[in-house]
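I have placed the structure first, in the form of structure tokens, so that the comments after it can refer back to it.
The values are calculated or read from the model by the stated rules, or taken from the named source; none is laboratory data. Fair warning: this is a prediction, and the values are worked out from it, not measured in the lab. All Cβ positions, glycine included, derive from the backbone under ideal geometry; neighbour counts span all protein chains shown. With ligands, DNA and RNA removed, areas are computed over all heavy atoms of the protein, side chains included. Shrake-Rupley method; radii C 1.70, N 1.55, O 1.52, S 1.80 Å.
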Amino acid sequence: MAAAAEVEVEENVAVAEPPPQAEPAEPDADGRTKPKRPRQYVVIIENDDDHTFDYVIDALRKVFGHPQTRAAWLAMKVYTAGRAPVWSGSLEVAELKRDQVRTYGVDFYAPKPVDYPLGVRIEELPQ
């Protein structure tokens, strides 16, 4: 048997703690435990008759970072389907993105400026 090595402990040293798990671990088929994946959320833009395509495309590009072609495709999907998922990730970031869409500003592309926000909501993705 090897001798146990002595470990010096320094005082006043910060020790990083592991991040908290979203859900408690549960055993898998082999009996080992593994942590559950953190919950994911999706931001959904809803269609209305007043906001213009250009406004929706601008919002998708600036808030979500979508390139022009992807933003145009998503805007068309919002229009044809009535709503479209445009981003997914953690709840905190989804809430931020939702709030950024809500405060994006007036749609000056419209013949009469539209001063209410796009319809936007957050839904939890199934695990």
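Quick rundown of the values:
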| item | result |
| --- | --- |
| Nitroxide proxy distance, nm - points 7 Å out along Cα→Cβ at ILE122 and ARG39 | 1.0 nm |
| For region 55-101, the fraction of alpha-carbon pairs in successive 5 Å shells from zero, as % | 5, 23, 31, 25, 13, 2 |
| Inter-label distance for TRP73 and PHE108, nm, one decimal - labels placed 7 Å from Cα along Cα-to-Cβ | 3.1 nm |
| Region 37-76 - percent of accessible surface contributed by carbon and sulfur, probe 1.4 Å | 49 percent |
